[in-house]
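The values are calculated or read from the model by the stated rules, or taken from the named source; none is laboratory data. Remember, it's a predicted structure, so these values are computed and weren't measured experimentally. Glycine also receives a Cβ, built like all others from the backbone with ideal geometry; neighbour counts cover every protein chain displayed. The area values use the complete protein model at the heavy-atom level, side chains included, leaving out ligands, DNA and RNA. Shrake-Rupley method; radii C 1.70, N 1.55, O 1.52, S 1.80 Å.
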Amino acid sequence: MLHTFVAYVEDKPGVLTRVASLFRRLNINIISLTVGRSERNGLSRLTLVCEASAEAGDRIRASLFKLENVLDVDDIAGAPAVTRELALIKVAATRHTRSAIFELVEVFRARIVDLTAESLMIEMTGVESKIEGLIQVLNESDSRILEICRSGKMTMRRGHHTSGVLRAMGAGENDDAVTDESRTVEEAAAIEPE
Amino acid sequence: MSIPSKTISTANPKSSNAHHNPPTRLTGAEIIWATLVGEGVTEVFGYPGGAILPAYDALRKFPIHHVLVRHEQGAAHMADGYARASGKVGVAIATSGPGATNLVTGIATAMLDSIPMVCITGNVSSKILGTDAFQEVDITGITLPVTKHNFLINRAEDIAAAIRYAFQIATSGRPGPVLVDITKDAQQGSAIFDFAAAKPKAYRPHPMLRVEEPGLAEAAELIRNAKRPVILAGHGVIQSGAMEPLRSLAERAEIPVALTLLGLGCFPASHPLNLGMMGMHGEAWVNHAIQEADLLIACGMRFDDRVTGTTSTYATKAKKIHIEVDPAEINKNIKVDVALVGDLTEVLEQLLPRISSRGQGGREGSGWLKTIETSKGACAVRDIKNLPDSGHLYAAHVMHDLWRITGGNAIVVTDVGQHQMWEAQYFHHEQPRSLITSGGLGTMGFALPAAIGAKVACPEKEVWVIAGDGGFQMTSPELSTIAQENLKINIAIINNGYLGMVRQWQEFFYEKNYESTPLVSPDFVKLADAHGIAGRAVRTRAEVEGAVQEARSAPGAYLLNFMVAQEDSVYPMIPAGSALHEMIRRPGKNPLVESPDEV
């Protein structure tokens with residue numbers, strides 16, 4: 001089954017190697033890994049998706065916790081959560097072929113973030129299937145995709161959830177629960193010249 | 001040189017008064033030693049070289065005894081043996097590059113057996129780090145999977161905190177080795193040394209530790225209702241110091257105790273409830289008892305493949321309680337019914353009040369014990385030690401006599417192979433930390449250096465090395481270290497002219513194709529002599545007692561070269577991939593006859 005782990009790790013050199021090395025050692029392929037700053041100074045937040053047996057979840061979580069630089073690990077498993085991915089897609093398009101793509105972008109509630117005489121860049125945020133959908137439709141249309149860059153998944157539990165571990169650390173006072181609505185509203189600005 | 005005189009206090013080498021020193025500017029090199037002194041370190045094992053030279057230059061100012069090894073692997077094994085014998089953190093020092101890589105086998109050995117150890121390596125200057133400079137190697141990268149944690153330090157001001165943190169990591173939770181790699185410029189630089197301020201953050205226990213009321217109640221209920229319970233006691237009992245509560249549990253509930261190799265000594269061998277060692281070379285009745293049990297209480301052991309045989313057929317009739325400090329071990333090899341995840345001593349102390357005494361023979365318990373006793377049958381008296389002296393020398397004779405003559409009071413440090421199993425079978429350990437052996441990694445060459453570490457840690461103890469002729473040659477240069485340190489260590493080489501355990505596998509599973517296992521060795525007595533160490537060869541059983549006494553009473557180190565039967569095998573044996581009860585038993589025709597009628 002697919003496991004999604006959300007972890008808070010120290011923002012230091014070599015930390016990602018330690019996390020990645022754990023999965024390497026268990027011979028588990030990391031399907032997706034995103035890392036970035038978190039709401040806490042000095043802590044990065046990562047979302048890691050991997051395929052492993054159902055029983056492996058606890059052991060992976062326990063092993064992640066054993067890493068000195070890992071402060072918190074949440075196994076999202078089947079819990080209600082919002083998962084998003086960001087994709088940048090560069091498509092070959094001229095003055096004559098743009099409008100069809102604009103329509104697609106509109107339907108998928110994506111947006112155009114770069115436009116040149118020969119190409120345009122689409123930014124799209126959403127669940128994996130939606131991004132796959134846009135890519136598929138682009139492929140099936142006459143447009144030629146030049147580049148795709150995908151962020152990998154980011155996951156956050158729904159509701160007013162703060163990790164007990166982080167609470168115990170005295171952190172976690174950011175209690176304005178982010179609601180699903182505020183995350184999913186996607187406003188597609190048409191063109192954002194940069 | 002602006003060293004505060006207190007730090008230099010060589011008058012009392014045991015003093016560790018760095019805590020009381022006011023913050024002072026020291027070089028990074030001095031900070032290394034001052035921090036070690038502050039952590040209570042009095043002995044280290046190491047080997048100098050370019051990138052660690054600043055540290056060595058500062059060593060004489062500090063009350064630390066440095067044991068010069070002959071190979072860095074030896075330094076790691078010595079620190080390991082030191083830790084196993086004393087329970088304190090062992091410290092190994094090496095230079096960059098090959099010095100650091102030579103430590104790796106020793107670090108991995110400590111990792112697999114959860115030994116608290118701190119290794120300090122020098123590295124090239126931070127300015128040339130990552131340029132493939134002379135003797136540069138990415139040792140934090142190399143040791144990442146075989147350390148509990150490691151640090152790369154390139155500033156003098158970070159050294160004290162890193163070393164203090166390393167000590168905390170090494171000793172907390174499930175112990176393990178930690179490596180601190182310090183660049184040469186960090187050693188040469190200077191910083192304010194404030195031991196107290198360098199204290200690590202409060203230890204944060206693993207968030208998945210869980211000992212709660214329902215689990216304790218369920219465990220107590222299982223123990224109450226069990227008809228055929230067995231306690232499986234491992235290294236964790238010794239690490240946690242849980243010998244007393246374990247014994248209370250066994251006695252109160254009348255539960256027999258089977259031991260892992262690293263658990264030997266955690267429960268007295270002479271105790272009526274002691275079954276003996278389980279697993280691949282455990283006695284048949286021990287493994288049968290486990291296979292027949294209706295409840296296994298695993299205490300500080302991890303269901304290693306060497307104790308379970310095939311996991312699918314392992315103790316299928318038994319409910320399982322797992323008491324373990326490392327949450328990652330739960331359900332790793334064997335699925336358990338109740339997991340009590342915490343320090344073993346604490347868990348047992350919470351569990352004990354819930355266990356009522358069985359002293360009045362309430363349990364059919366006594367029936368279970370009788371069943372086990374019956375299954376010992378002929379095996380219990382078949383032993384080689386009961387046989388008339390045929391003049392031939394078997395390893396079992398040596399082990400039995402060593403145990404008899406030392407009264408079991410020695411620290412025995414074994415290498416890896418047949419002799420290691422014979423020792424486990426015939427030398428009966430009453431006390432924890434009386435057997436030091438590489439169980440998890442199975443590192444040949446471990447015994448001699450680890451024994452040096454044990455002797456340095458416990459100078460008043462009688463220390464015996466038991467090694468095969470193969471493993472001994474892997475680290476035999478450390479004989480020089482024994483000579484230089486003038487250590488009274490007794491060495492028993494079980495010499496059968498083969499890499500014996502490999503030969504045994506070839507005999508059983510490769511149609512006696514003895515490929516690359518016959519072994520030519522030097523005359524070990526002459527080798528010892530070349531190091532100024534006395535010794536003699538022993539060829540018959542009649543000579544054993546005299547030789548052992550001679551070694552014990554000799555003023556210095558002594559080497560005994562026991563020329564034993566060449567193609568003797570360790571029985572019983574569970575072939576790899578077989579179930580725990582599918583043992584290869586001692587063949588009747590073997591000179592080591594099994595049944596008393598054949599005696």
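Brief remarks on what is shown
- Screening segment B:489-522 for residues that are among the charged types (D, E, K, R) and in contact (Cβ under 8 Å) with a residue 12 or more places away in the chain and picking the one that is surrounded by the most Cβ atoms within 10 Å (Cβ to Cβ) gives B:Arg503.
- Any pair with Cβ under 8 angstrom, 6 or more apart, that starts in segment B:225-245 at a residue that is without any contact (Cβ under 8 Å) to a residue 60 or more places away in the chain and ends at one that is of a type in the set (Gly, Ala, Ser): none
- In segment B:151-179, residue nearest to the other protein chains (Cβ to nearest Cβ) [restricted to those that are farther than 15 Å from B:Pro200 by Cα and open to solvent by less than 30 Å² (accessible area, probe 1.4 Å)]: B:Gly176
- Test: residue in segment B:305-326 that is more than 14 Å from every other protein chain (Cβ to nearest Cβ), touching a residue at least 24 places away in the same chain (Cβ under 8 Å), closer than 16 Å to B:Gly439 by Cβ and surrounded by fewer than 21 Cβ atoms within 10 Å (Cβ to Cβ): yes
- Flag if A:Arg18 is touching a residue at least 40 places away in the same chain (Cβ under 8 Å), within 14 Å of A:Ser63 (Cα to Cα) and within 14 Å of chain B (Cβ to nearest Cβ): yes
- Residue list for segment B:248-265, restricted to those being part of a loop (DSSP other than H, G, I, E, B) and either closer than 29 Å to B:Gly577 by Cβ or not assigned by TED's automatic domain parsing to the domain that holds B:Ala298 (or both): B:Pro256, B:Thr260, B:Leu261, B:Leu262, B:Gly263, B:Leu264
- Which listed residue, of B:Lys201, B:Lys148, is within 25 Å of A:Glu68 (Cα to Cα), surrounded by fewer than 17 Cβ atoms within 10 Å (Cβ to Cβ) and within 14 Å of another protein chain (Cβ to nearest Cβ): B:Lys201
- Filter pass, A:Val82 being more than 12 Å from chain B (Cβ to nearest Cβ), closer than 25 Å to B:Pro200 by Cβ and β-branched (Val, Ile, Thr): no
- In the set (1) touching a helix residue (DSSP H, G or I) at 6+ places or on another chain (Cβ under 6 Å); (2) open to solvent by 70 Å² or more (accessible area, probe 1.4 Å), B:Ser569 fails one condition alone, (2).
- As a summary of the residue check, A:Ser38 satisfies the conditions (1) at pLDDT below 95; (2) open to solvent by 70 Å² or more (accessible area, probe 1.4 Å); (3) under 19 Å from A:Met154 (Cα atoms) except for the one numbered (2).
- Against the numbered list (1) small (Gly, Ala, Ser); (2) within 14 Å of chain B (Cβ to nearest Cβ); (3) open to solvent by less than 20 Å² (accessible area, probe 1.4 Å), A:Ala54 comes up short only at (3).
- Note on segment B:120-143: residues that are within 14 Å of chain A (Cβ to nearest Cβ) and at positive phi amount to 1.
- Test: B:Pro268 is touching a residue at least 60 places away in the same chain (Cβ under 8 Å), surrounded by fewer than 23 Cβ atoms within 10 Å (Cβ to Cβ) and under 30 Å from B:Arg585 (Cβ atoms): yes
- The set of residues from segment B:546-576 being acidic (Asp, Glu) and at pLDDT 95 or above comprises just one member, B:Glu550.
- Residues of segment B:204-247 that are in a loop (DSSP other than H, G, I, E, B) and either open to solvent by 20 Å² or more (accessible area, probe 1.4 Å) or among the polar types (S, T, N, Q) (or both): B:Arg204, B:Pro205, B:His206, B:Pro207, B:Met208, B:Leu209, B:Val211, B:Glu212, B:Lys227, B:Arg228, B:Gly241.
- Applying the condition of being acidic (Asp, Glu) and open to solvent by 10 Å² or more (accessible area, probe 1.4 Å) to segment B:453-488 and asking which residue is nearest to B:Phe45 (Cα to Cα) yields B:Glu485.
- Scope segment B:309-352; condition hydrophobic (A, V, I, L, M, F, W, C) and in a helix (DSSP H, G or I); matching residues: B:Ala328, B:Leu344, B:Val347, B:Leu348, B:Leu351, B:Leu352
- Test result for B:Ala284, within 27 Å of B:Met78 (Cβ to Cβ) and either within 14 Å of chain A (Cβ to nearest Cβ) or in contact with a helix residue (DSSP H, G or I) (Cβ under 7 Å, 6 or more places away or on another chain) (or both): no
- A:Arg40 of a type outside the set (Asp, Glu) and within 14 Å of another protein chain (Cβ to nearest Cβ): no
- Test: A:Asp11 is open to solvent by 70 Å² or more (accessible area, probe 1.4 Å), among the acidic types (Asp, Glu) and modelled with pLDDT of 95 or more: yes
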